[in-house]
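Inspection log for the structure reproduced underneath, given as structure tokens.
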Amino acid sequence: MLRYLAGRLLRAILTIFLVITFAFFVLHLSGDPAMMILSADAPPESIKAFRAAWGLDRPLWVQYLSYIVHALQGDLGNSMRDGRPALQLVLERVPATLAITVPAFLLKLVIGIPAGIYAALHRNSLADRLTMMVSVAGFTVPSFVLALVLVLVFSVQLGWLPSAGSDKPASAILPIVTLGVAGAAILARFTRSAMLEVLGQPYIRAASAKGLQWRTVVVHHALPNAAIPTTTIVGFMVGTLIAGAVVVESVFAWPGIGRLLVSSVSNRDLAVVQVILLLVAATMVTSNIIVDFVYGWLDPRLRRGGPRGR
Amino acid sequence: MRALHGIDLEVRRGEALGLVGESGCGKSVTWLAALGLLGGRARVGGEVLLEGRNLAGAPVAELEHVRGRRIAMIFQDPSSSLNPVHRIGRQLGEALRLHRGLDGAAVDAESQRLLDRVGIADARRRLGDYPHELSGGMNQRVMIAMALAGQPDLLIADEPTTALDATIQAQILELLAEIRQETHMAMVLISHDLGVVAENTDRVCVMYAGRIVEDAPIDTVFEAPAHPYTRGLLAALPELEGPRRVLMPIAGVVPEPANLPPGCSFAPRCDRRIEACEFAPPPATELAPQHRVACIRA
Amino acid sequence: MTALLEVSNLARTYDVRRGRWPFAKPATLHAVDGVSFALPAGRTLGLVGESGCGKTTTAKLVLGLVPLSAGEVRVGGETLPAANSPGWRALRRRMQMVYQDPLGALDRRLSVGRQVMEPLEIHGLGSAAERHEKALAMLDAVGLAQHHFDRFPHELSGGQRQRIVLARALILDPQLLVCDEPISALDVSIQAQVVNLLLALQQRLGLAYLFISHDLRMVRQVSHEVAVMYLGRIVEQGDPDRLFAAPAHPYTQALVSAIPTHTRSRKRRIVLPGEPPNPVDRPAGCAFHPRCPHAVERCRIETPALRTLADGRRAACHLAEQIA
């Protein structure tokens, strides 16, 4: 067990490392921060001075090594725009993002899973078909389109909810709903197919043949088995808690990580982008590891070996 | 699409009835329909009388009361018929709580006793195992134990040994015979294997394309089969002893349920057919007491 | 006369780990352990046994699909070359395999006619027209009509599919057909059809069969000789009629008595205790001794060799003479 955990951690670290390296090279090779931050018609001396100050005139691999060395010591660089430590800047924004992604995640679970289960239990009924139609719409409509439509209806026409900003608690509602809808739709489809697959298994019929009530069969026999594949999708959604709201934050001018990422990338504010990517990679990797352990807990076949002793 | 076309069956208390037929003949569907296990899209017609009480069309609660407690069922692939994420003890205990109202320590004790009864060594440890940790033969024993938990009057065994090795098959069939002797439980043994049915039942119903074509005591079926299909099945089976003879297969294939021929379903493959066979499905006639055949040329 | 197929002391072992990590200990699984037999041309050897006995692995060893751990396979006097070598490919034309599940053995997206032609394409034989002709001829030989050529596997019945698999196996004019449970997935009335076809083809084409099955009755029907396997070894071998009527080895006795039938009286039923052991946990001495009703001390220590008894039967048992 310990060796397994160590192995996973090692691979996790390697993944994060690869992400950072890749991001580093792509960012550095794709644009000039000096030009971005100082503006294109700044005098060449200022640009040169800027670049020297930030070490951008050194060879690329030297910059890379320097970054890694500092990172290992906890220094993840400073923002080129305001000079503050990048890590601090990013962490400041995390609560704002979580304030919409976590409720959205809960919304996805609360709507998506029951809808999927209901659809599976009433297969081919009107309710099932409607649910599936709505769910397809839910995940095909791009989130910014949905966001704009919601704003149009609820802010402009009805005037119930604010359309942007984060000053009032009510301004979180539209972003949360926008985020939640697509996820709920996907989860509903997934849960439905997981349930259908389980309901077709011989042990479900055998459980009914035992005389158990249908409700008992569904709750105690079907759901625990359907939870196994559903965990994959839920785990993935957990992994996107940090960075899954880029578009929504931009549309609603919500001051979270997503907006910071967009602005940092367009400014080539390298350190900040790197920190954000590091954070995203770490979250994804952690949630993957957690999902693997949850699998083991849910499915005993993954825990132990095959038939032992006769 | 009709899977069954008027099945008339009777199982007497303590009797062992064999139900024989090839794939698609409806031998499993008959019992799943009787117990209401076919799912929402199936429509079940006719009567299913359990001691006079009609189960067909009965409310779900009544069916649930009958399942496991009066009529229990075991299935073909025992390892898939057990919930993979629950321990054996839990699944067995579930049946005991439901049917015998036991609780706590009594459940454990009775579970162990049942596992011992079905010949599982080291019963206490087995209760904590998961189905994938047991072999196919052991899982089938667990299923039998679960079936016995409700102390049913009738056990439907749907191809219980088809997925098992020959020597394990012998063990399971022997176990069933022992239990029946002890409890006087009736049994319906469904199989495609005439030999299995021959040794373990008193009476046999042969099914073809959703109908019963012959219903007779075991000895009669083997020594004086009346229906051409039954004769054909016997002629197609090789013997283990005695002289080797050429196998006589039945020409043609089993018809699709959606494409049944008018008249007798077996007529296209029958070597004794006449024109009259194609008009209408033959009714069941009584050749002798206890021996019914659905053939106009029997 | 050299037999068509001769195998001597075939063995195949796997290295496995037992127990749960971190306590896993390495162990050896003897899937096949010292199997020898000879199969003359035009004859059938039936190989029977329960799951885990090694019959399928033996079949794969014979065809070279699995590398040998020990022993030798000789086809027509020549040793079977290493797998995937040109020599092996050439020899494989003479030996084909038929599996249990005809639907799984056929590609769902190709017409069955194309699949029957495929072996000719693979070995680069004949022109396109000639291949087509030969495929049609094969369809006819297995009792199918010409119009079946363009059908797809799912449009055919189980018995028809198995005939296609046979046609495909026979199109290269092999001398040996290894059949691994070729009829188990078919309905009883169809089994007889396919078995009769196999026998007819054997008569016409002089084919040899290695017929592997758990269905003793069918094996008796088609075989000229039968070998019974248990945990990787042959425990009894001989003429089918004699072997099934009066088995010498206790395992064969139990196996035969386990076959339910109407004719034999019930009192002779031998029910073996316990389960077949895990091949990794193979008992020392005679692998069958823990379940054998006649086992004595010697059986725990010394592995019996397959030997010829006084009456001509061959069994691997120390006590074969005493057991009636």
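Spin-label model, B:GLU178 to B:SER23: label points 7 Å out along the Cα-to-beta-carbon direction sit 3.4 nm apart. From least to most packed, judged by other beta carbons within 10 angstrom and beginning with the fewest, A:MET35, C:MET218, B:MET143 follow the order A:MET35, C:MET218, B:MET143. Based on every Cα atom in the range C:105-172, Rg and the maximum pairwise Cα distance Dmax equal 10.7, 31 Å. The loop-placed GluC sites (Glu not before Pro) in the range B:1-51, going by DSSP, that have at most 13 neighbouring Cβ atoms within 10 Å of their Cβ come out as B:GLU10, B:GLU47, B:GLU51.
For chain A, the longest principal axis of the alpha carbon atoms and the long axis of helix A:2-29 meet at an angle near 40°. Between the helical axis of C:128-141 and the dominant principal axis of chain C, each derived from Cα atoms, what acute angle in degrees is found, rounded to the nearest 10? Value to nearest ten degrees: 50. For the range B:21-103, the set of trypsin sites (Lys or Arg not before Pro) satisfying both a DSSP loop assignment and a count of at most 16 other C-beta atoms within 10 Å is given as B:ARG41, B:ARG43. So if a site counts as exposed when it's one of the GluC sites (Glu not before Pro), its DSSP state isn't H, G, I, E or B, and it has at most 14 other Cβ atoms within 10 Å, what's the longest stretch of chain C without one? That gives C:1-301 as the longest site-free run. Computed over the alpha-carbon pairs of chain A, the distance histogram in 10 Å steps reads 5, 20, 25, 23, 16, 8, 3, 1, 0 percent, short to long.
Taking 0.36 nm per residue of sequence separation and subtracting the Cα-Cα distance, how much length would be gained by fully extending the chain between A:TRP61 and A:LYS168, in nm to one decimal? The span from A:TRP61 to A:LYS168 would gain 33.9 nm if fully extended. Once you reduce the range C:169-211 and the range A:126-187 to the center of their Cα atoms, the two points are 64 Å from each other.
Computed over the alpha-carbon pairs of the protein assembly as shown, the distance histogram in 10 Å steps reads 2, 9, 15, 18, 18, 15, 10, 7, 4, 1, 0, 0 percent, short to long. Here the spin labels are modelled as points 7 Å beyond Cα on the Cα-Cβ line, and at A:THR140 and B:ARG125 they lie 5.7 nm apart.
As a test of the formula, what do you get for chain B when each DSSP H run with n ≥ 4 contributes -39,500 (n - 2.57) and the sum is divided by the residue count, at 222 nm and rounded to the nearest 500 deg cm²/dmol?
Details: 10 runs with 100 residues, N = 298.
Theoretical 222 nm ellipticity from helices: -10000 deg cm²/dmol.
The order of C:VAL75, A:VAL94, B:VAL11, going from fewest to most other C-beta atoms within 10 Å of their C-beta, is A:VAL94, B:VAL11, C:VAL75. Projecting the Cα positions of A:ALA253, B:CYS205, A:ALA271 onto the charge dipole of the protein assembly as shown (unit charges on Cβ atoms of Lys, Arg, Asp and Glu, taken about the Cα centre) puts A:ALA271 furthest along the positive direction. The lysines whose alpha-carbon is closer than 26 Å to the alpha-carbon of A:LYS168, local same-chain residues fewer than 8 away aside, are A:LYS108.
With contacts taken as Cα pairs under 8 Å and at least 6 residues apart, chain A reaches a relative contact order of 26 percent. If both residues of a DSSP beta bridge must be in the range C:176-324, then about 65% of such bridges are antiparallel.
When only C-alpha pairs under 8 Å and at least 6 residues apart count, what is the relative contact order of chain C, in percent? The partial results should precede the final answer.
On the way: 604 pairs, mean separation 64.3, N = 324.
That works out to 20 percent.
How far is the Cα center of the range C:288-304 from the Cα center of the range C:23-47, in Å? Measuring centre to centre over Cα atoms gives 21 Å. Here A:ARG8 and C:ARG109 are evaluated by their C-beta separation; at R0 = 30 Å the FRET efficiency comes out at 0.15. Here is how the number arises for chain C: DSSP H runs of 4 or more residues each give -39500 (n - 2.57), the sum is divided by the residue count, and the result at 222 nm is -9000 deg cm²/dmol.
Taking the 0 to 90 degree range and rounding to the nearest ten, how far is the long axis of helix A:173-199 tilted relative to the main principal axis of chain A, both from C-alpha atoms? Compared with the principal axis, the helix lies near 40 degrees. For chain A, adding -39500 (n - 2.57) for each run of n ≥ 4 DSSP H residues and dividing by the number of residues yields -23000 deg cm²/dmol at 222 nm.
May I ask you to derive the FRET efficiency for A:SER125 and C:SER184 from their Cβ-Cβ distance with R0 = 60 Å, giving the value to the nearest 0.05? My answer for the efficiency is 0.90. Across peptide B:168-176, the mean count of Cβ atoms from other chains lying within 10 Å of each residue's own Cβ comes to 4. Between C:GLU155 and C:ARG94, the simple spin-label model (points 7 angstrom out along Cα→Cβ) gives 3.8 nm.
For the range C:105-172, what relative contact order do you get, as a whole percent, if you take Cα pairs closer than 8 Å and at least 6 residues apart? Mind dumping the intermediate values first?
On the way: 80 pairs, mean separation 32.5, N = 68.
Computed value for the range C:105-172: 48 percent relative contact order.
When A:PHE22, C:PHE152, A:PHE50 are sorted by how many other C-beta atoms sit within 10 angstrom of their C-beta, beginning with the fewest, the order is A:PHE22, C:PHE152, A:PHE50. Checking every one of the chymotrypsin sites (Phe, Trp or Tyr not before Pro) in the range A:124-176 against DSSP loop status and a limit of 11 other Cβ atoms within 10 Å picks out A:TRP160. When DSSP beta bridges are restricted to pairs lying wholly in the protein assembly as shown, around 55% turn out antiparallel.
Report the calculated FRET efficiency for B:LEU50 and B:ARG244 (r = Cβ-Cβ distance, R0 = 41 Å), to the nearest 0.05. Before the final figure, lay out the partial values.
Details: r = 46 Å, r/R0 = 1.13.
The value I calculate is 0.30.
Here, each number is a calculation from the coordinates, and none is a lab measurement. Values in this document were obtained by computation on a predicted structure and should not be read as measured data. Note that each Cβ is placed from the backbone with ideal geometry, even for glycine, and that neighbours are counted across all protein chains shown.
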